[in-house]
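Undergrad: Pasting a structure here, questions to come.
The values are calculated or read from the model by the stated rules, or taken from the named source; none is laboratory data. Note that the coordinates shown come from a computational prediction; the quantities given were computed from them, not determined experimentally. Positions of Cβ are generated from backbone atoms using ideal geometry, with glycine treated the same way; all protein chains shown enter the neighbour counts.
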Amino acid sequence: EYEEKAGRAQRPLSPKQNVRKNLDFEPLSTTALILEDRPANLPAKPAEEAQKHRQQYEEMVVQAKKRELKEAQKRKKQLEERCKLEESIGNAVLTWNNEILPNWETMCCSRKVRELWWQGIPPSVRGKVWSLAIGNELNITHELYDICLARAKEKWRSLSTGGAEVECEDAGFSAADREASLELIKLDISRTFPNLCIFQQGGPYHDTLHSILGAYTCYRPDVGYVQGMSFIAAVLILNLDTADAFIAFSNLLNKPCQMAFFRVDHGLMLTYFAAFEVFFEENLPKLFAHFKKNNLTPDIYLIDWIFTLYSKSLPLDLACRVWDVFCRDGEEFLFRTALGILKLFEDILTKMDFIHIAQFLTKLPEDLPSEEFFTSIAAIQMQSRNKKWAQILTALQKDNREMEKGSPSLKR
Amino acid sequence: FFQSSDFLFKFLVIGNAGTGKSCLLHQFIEKKFKDDSNHTIGVEFGSKIINVGGKYVKLQIWDTAGQERFRSVTRSYYRGAAGALLVYDITSRETYNALTNWLTDARMLASQNIVIILCGNKKDLDADREVTFLEASRFAQENELMFLETSALTGENVEEAFVQCARKILNKIESGELDPERMGSGIQYGDAALRQLRSPRRAQAQSAQECGC
């Protein structure tokens, strides 16, 4: 595109062409800067003034050309970068498809694959890699999905006709509660990525999202539908077929961190926050002290980030890259990402008071620079005094259990 | 942004999912209806300085998630709230029936003197109304709540809800019924008031409150 434009601009040559001959492009707009002679009906300029004006004109042209040259070079560089990026994505797709995916078990943990993984999984293989990485510990089959979906549909039917109560073994949940939860799914679907306009009533993925969430409430009535799930299911739907999305969804939610949060096990959530704070203090001591001083507890921003796996708070392409590495590294990457965000904005956050930090973190800027963002995450060390995330978490859980024995109402 | 204030009040917005809590907050702050809003997970925030009878009051508003399941999380945000908007949807009896639960929580967990205004939202959807004005205003009276029907869509009564609630708190402070220096009152002196006071005793009280919220 750039060369085409440059080529076109070369035809209408301006008089000062000898100066520009060695440039490989022609400035686009300087041709519009034409020094007109004074209209004939006016007295001629004094020679000195004319000379001065000519000089000023030439300076203007030189400046304009300089600027345009710079812009053209920038465009060229951007184009080159885009080509390089496209080429590297193309290469990555080949590597993933031909080398890694066929040999998943042996290759998934190799250094080379892990590095490639960090760069972001190409969208065309993303779903496959996520599925493999999340696994199917629960052994859910497509048939099981169909069964759960059929039961969900039965419930919806009986709800809408107001007919007899469907036989249900949802221990511990009242009929009213289930009803509310089914109603809430309907309400929340329309409020899931509303700007994409694909999950809303009449959109192409509305029914799919509805089905997966409904099927899940039948598969796990003990967990049911919890706000935040619709975002996770939506991101999976964007990358996988319906039944596979359901399998990934159920297995993902079955991971310890997700179970703790989606069951709203407050005690365990606080343990996660405490572990997070250990690494927060280690990595960003100044900001940590500032947050403490302002009583800004991590639940205020982490709840949204963890419940939706960043898909609500980050731009979707960045969120998917976070998911990529989350699939590789597990729950600790969610907390590392949080620290990466805090690190990226450390300077401005240190200048803010409670309410502005809270507002900022619960509504992150939309134009997050992706490379800086991942550099910032990479700079976060997930080791505290030689202890890793899992060790810290286990130690805190143990402390917690012992303290709970002492005082039953352990709250912050 | 840098307008100085005489007081800082912590406000809550509570009520069932889908009643329009975040939209009320957005309408109050941006003077616009947000028609592509997400549902709130956990808590979101807003702040605004309003002028109530010549005093500048900075509202620090905590907009909470509505799903029952999040109750154990959002409860921990009630502490030290001076005021609350308790929101139901006039087109949904279910959200109205849940008010008692929300109210119990607020009275128990926020400051004792919390001032609550009941907001029957989605006033613009009068054709689908399931809760009458009269019924809700009786409920409000019985439970010593202020009451307004609001519309986050048109903006009707939205500013009023926040302002009326703040005004009542200010009145309580002036009558001595509320002591801003008491821990957990949900009230702090704003920067303007602090500059005037600056006595060591007050400054101490201020920092004690900061630790307590």
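Undergrad: Return the residues of the stretch A:190-225 that are within 12 Å of chain B (Cβ to nearest Cβ) and buried (at least 22 other Cβ atoms within 10 Å of the Cβ); say none if nothing qualifies.
TA: A:T192, A:F193, A:F199, A:G224, A:Y225
Undergrad: So B:S72 fits all but one of (1) out of contact with any helix residue (DSSP H, G or I) (no Cβ under 7 Å at 6 or more places or on another chain); (2) surrounded by fewer than 21 Cβ atoms within 10 Å (Cβ to Cβ); (3) within 10 Å of chain A (Cβ to nearest Cβ); (4) over 30 Å from B:S4 (Cα atoms); what number is the exception?
TA: Against the list (1) out of contact with any helix residue (DSSP H, G or I) (no Cβ under 7 Å at 6 or more places or on another chain); (2) surrounded by fewer than 21 Cβ atoms within 10 Å (Cβ to Cβ); (3) within 10 Å of chain A (Cβ to nearest Cβ); (4) over 30 Å from B:S4 (Cα atoms), B:S72 comes up short only on (1).
Undergrad: Between B:G54, B:G46, B:G80, which is in contact with a Cys (Cβ under 7 Å, 6 or more places away or on another chain) and not β-branched (V, I, T)?
TA: Values: B:G54 fails: in contact with a Cys (Cβ under 7 Å, 6 or more places away or on another chain); B:G46 fails: in contact with a Cys (Cβ under 7 Å, 6 or more places away or on another chain).
When all the criteria are applied, what remains is B:G80.
Undergrad: I'm trying to understand the selection: among the residues of the stretch A:183-231, which are out of contact with any helix residue (DSSP H, G or I) (no Cβ under 9 Å at 6 or more places or on another chain) and closer than 19 Å to A:D241 by Cβ?
TA: Correct list: A:P204, A:D207.
Undergrad: Select from the stretch A:87-135 the residues that are under 23 Å from A:L318 (Cα atoms), of a type in the set (S, T, Y) and not in a helix (DSSP H, G or I) and list them in ascending order.
TA: none
Undergrad: When you check B:I61 against the structure, is it crowded, with 22+ Cβ neighbours inside 10 Å, touching a helix residue (DSSP H, G or I) at 6+ places or on another chain (Cβ under 9 Å), within 14 Å of another protein chain (Cβ to nearest Cβ) and closer than 27 Å to A:V226 by Cβ, yes or no?
TA: Criteria met by B:I61.
Undergrad: Quick one: A:I247 ticks every box in (1) farther than 24 Å from A:D146 by Cβ; (2) assigned to a helix (DSSP H, G or I); (3) of a type outside the set (S, T, N, Q); (4) out of contact with any helix residue (DSSP H, G or I) (no Cβ under 6 Å at 6 or more places or on another chain) bar one, so which box is it?
TA: Of the numbered conditions (1) farther than 24 Å from A:D146 by Cβ; (2) assigned to a helix (DSSP H, G or I); (3) of a type outside the set (S, T, N, Q); (4) out of contact with any helix residue (DSSP H, G or I) (no Cβ under 6 Å at 6 or more places or on another chain), the odd one out for A:I247 is (1).
Undergrad: Looking at the stretch A:384-412, which of its residues are under 30 Å from the mean Cα position of the chain (by Cα) and either at pLDDT 90 or above or within 14 Å of chain B (Cβ to nearest Cβ) (or both)?
TA: Hits for the stretch A:384-412 are A:K387, A:K388, A:W389, A:A390, A:Q391, A:I392, A:L393, A:T394, A:L396, A:Q397.
Undergrad: Right, next: Within the stretch A:324-353, how many residues are assigned to a helix (DSSP H, G or I), among the acidic types (D, E) and over 14 Å from the mean Cα position of the chain (by Cα)? Even if it seems obvious, please write down each step before you answer.
TA: Narrowing the stretch A:324-353 to residues assigned to a helix (DSSP H, G or I): A:324-329, A:332-344, A:346-350.
If we keep only those that are among the acidic types (D, E) as well, we get A:324, A:329, A:332, A:346-347.
From what is left, the residues that are over 14 Å from the mean Cα position of the chain (by Cα) are A:329, A:332, A:346-347.
Looking only at that region, the number is 4.
Undergrad: Does A:E36 meet the test of being charged (D, E, K, R) and not assigned by the TED database to the domain that holds A:V125? Quick ask: steps written out before the conclusion?
TA: Working: charged (D, E, K, R): yes; not assigned by the TED database to the domain that holds A:V125: yes.
Taking the combined requirement at face value, the residue satisfies it.
Undergrad: Sticking with this one: Quick test of your reading of the structure: B:H26 fulfils all but one of (1) facing chain A (nearest Cβ under 9 Å); (2) surrounded by fewer than 22 Cβ atoms within 10 Å (Cβ to Cβ). Name the failing condition by number.
TA: In the conditions (1) facing chain A (nearest Cβ under 9 Å); (2) surrounded by fewer than 22 Cβ atoms within 10 Å (Cβ to Cβ), B:H26 misses (1) alone.
Undergrad: While we're looking at this one, here's another question. Run down A:E331, A:E346 and say which single residue is in contact with a Cys (Cβ under 6 Å, 6 or more places away or on another chain) and of a type outside the set (A, V, I, L, M). Please lay out each step first, then the result.
TA: Values: A:E346 fails: in contact with a Cys (Cβ under 6 Å, 6 or more places away or on another chain).
The unique qualifying residue is A:E331.
Undergrad: How many of the residues in the stretch A:267-293 are under 22 Å from B:A65 (Cβ atoms) and either free of Cβ contacts under 8 Å to residues at least 60 places away in the same chain or outside any helix (DSSP H, G or I) (or both)?
TA: Counting residues in the stretch A:267-293 that are under 22 Å from B:A65 (Cβ atoms) and either free of Cβ contacts under 8 Å to residues at least 60 places away in the same chain or outside any helix (DSSP H, G or I) (or both) gives 2.
Undergrad: Within the stretch B:30-58, restricting attention to residues that are aliphatic (A, V, I, L, M) and within 10 Å of chain A (Cβ to nearest Cβ), which residue is farthest from B:F162 (Cα to Cα)?
TA: Keep residues of the stretch B:30-58 that are aliphatic (A, V, I, L, M), which gives B:41, B:43, B:49-50, B:52, B:57.
Now drop any that are not within 10 Å of chain A (Cβ to nearest Cβ), which leaves B:41, B:43.
Numbers: B:I41: 23, B:V43: 18 Å.
Filtering the stretch B:30-58 for residues that are aliphatic (A, V, I, L, M) and within 10 Å of chain A (Cβ to nearest Cβ), the one farthest from B:F162 (Cα to Cα) comes out as B:I41.
Undergrad: Moving to a separate point now. Name the residues in the stretch A:299-358 that are within 10 Å of chain B (Cβ to nearest Cβ), surrounded by 22 or more Cβ atoms within 10 Å (Cβ to Cβ), among the charged types (D, E, K, R) and under 18 Å from A:F273 (Cβ atoms), would you?
TA: Of everything in the stretch A:299-358, just one residue is within 10 Å of chain B (Cβ to nearest Cβ), surrounded by 22 or more Cβ atoms within 10 Å (Cβ to Cβ), among the charged types (D, E, K, R) and under 18 Å from A:F273 (Cβ atoms), namely A:D304.
Undergrad: When you scan the stretch A:84-101, do you find a residue that is modelled with pLDDT under 95 and over 29 Å from A:I237 (Cα atoms), even just one? Let's see the steps before the verdict.
TA: Residues of the stretch A:84-101 modelled with pLDDT under 95: A:84-101.
With the extra rule that they be over 29 Å from A:I237 (Cα atoms), the set shrinks to A:84.
Checked against the condition, which is being modelled with pLDDT under 95 and over 29 Å from A:I237 (Cα atoms), the stretch A:84-101 yields at least one hit.
Undergrad: Residues that are at pLDDT 95 or above and touching a His at 6+ places or on another chain (Cβ under 8 Å): does the stretch A:297-320 have at least one?
TA: No, there is no match, as no residue in the stretch A:297-320 is at pLDDT 95 or above and touching a His at 6+ places or on another chain (Cβ under 8 Å).
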